[in-house]
Structures are given as C-alpha cells and as structure tokens.
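Take a look at the structure set out below.
The values are calculated or read from the model by the stated rules, or taken from the named source; none is laboratory data. Because the structure is a prediction, the values reported are computed rather than measured. Don't worry about glycine lacking a Cβ; one is built from the backbone with ideal geometry, like all the others, and counts go over all protein chains shown. Just so you know, the surface numbers come from the protein's heavy atoms only, side chains and all, with ligands and any DNA or RNA stripped out. Shrake-Rupley method; radii C 1.70, N 1.55, O 1.52, S 1.80 Å.
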Amino acid sequence: MPSWVDDLLQPGVLIPCAVILFILWLIVRSAFKAFPFVAKFVALVNTLVGTEDKPGIGVRMDVMTNELKGNTAKIDAMETQMDTVHHELTTNHGSSVKDATKRLEEQGAKTEKLLADHITETAHWAPMLSDLHQTWSIKHRNN
C-alpha cells in the first residue's frame, strides 16, 4: 500500500476525514432536497415583484381593475336593454309587443270563426255555384 493510504488510515486522521465527508454529503443532499422549495420561492417573489418581461401583481391588479370598470359600464348598458325587452315582452295594458300579439291572435280567432260560419251558411249554394262555373267557363271557351 502507498504511504499516503497508510497515513490516511491512522485513527487520528480517518475519523475526522470521515466526519468531514459525512457533513459534506449531508450539505449536498439537503441542497438537492431544498432546491424545489427555493425555486418555488423565487418564482413567488418574481410574481409579486415582477420582472422586465412580466409585470408584478400590483400592475396586473391595476389593469384588471380598469377592465372591470369598463365591463361594469357594459353590464349596466345590458341591464338597460334587458329592462326594455322585459317591458315589451310582458303585458302592460296595451302598449307592449305581447299585448299587440294577443290582440292579433284574438282577431285571427274571430276571423277564423266568421269564415267557418260563412262556409257553413253557404254550403247549400256549392252545387249551384259549381254548375254556374262550368256553364260560364264552357261559354267563355267557345267564344
């Protein structure tokens, strides 16, 4: 064996070297285990403070607040439009579209009944009208 190995294997040298190597191993192992936590912490700080490429959370919150103010105006305008539509689609004693539709449906039902009554009343004239039509159309063709 070389002399440096014999010197290293001496009890006064071997134990301190083993302790130093063990401590170094613990430090390296702890650093590898702590790396994900440190990376997440750095990402959190970058998110809060911001970088050149991405603004921090304060700037983004200002932007979102301004967008929400714009959306609030849009929502108010939509509510006004919905109120108008609601007004037209509910009955209000004659001035809404629903009231006008109801009047038209009632008038259509009356007209339908009048037509059905007329057809019933004039059913006995159908044969006479048919004969008259045939006679008239034949005379008209011959001329």
* **Cβ pairs under 6 Å, 6+ apart, first in the range 87-106 and part of a loop (DSSP other than H, G, I, E, B), second open to solvent by less than 90 Å² (accessible area, probe 1.4 Å) and not basic (K, R)** => T91/D99; S96/E88
* State yes or no: is T72 modelled with pLDDT under 85 and either outside any helix (DSSP H, G or I) or over 30 Å from L44 (Cα atoms) (or both)? => no
* To do: Show the residue pairs that are 6+ apart or on different chains and have beta-carbon atoms under 8 Å apart, the first residue being within the range 3-26 and among the hydroxyl-bearing types (S, T, Y), the second being surrounded by 10 or more Cβ atoms within 10 Å (Cβ to Cβ) and at pLDDT 85 or above.
  => none
* Asked: What residue, among those in the range 96-134 that are of a type in the set (S, T, Y) and closer than 30 Å to T84 by Cα, is least open to solvent (accessible area, probe 1.4 Å)?
  -> S96
* **Hey, T65 touching a Lys or Arg at 6+ places or on another chain (Cβ under 8 Å), among the polar types (S, T, N, Q) and open to solvent by less than 70 Å² (accessible area, probe 1.4 Å) or not** => no
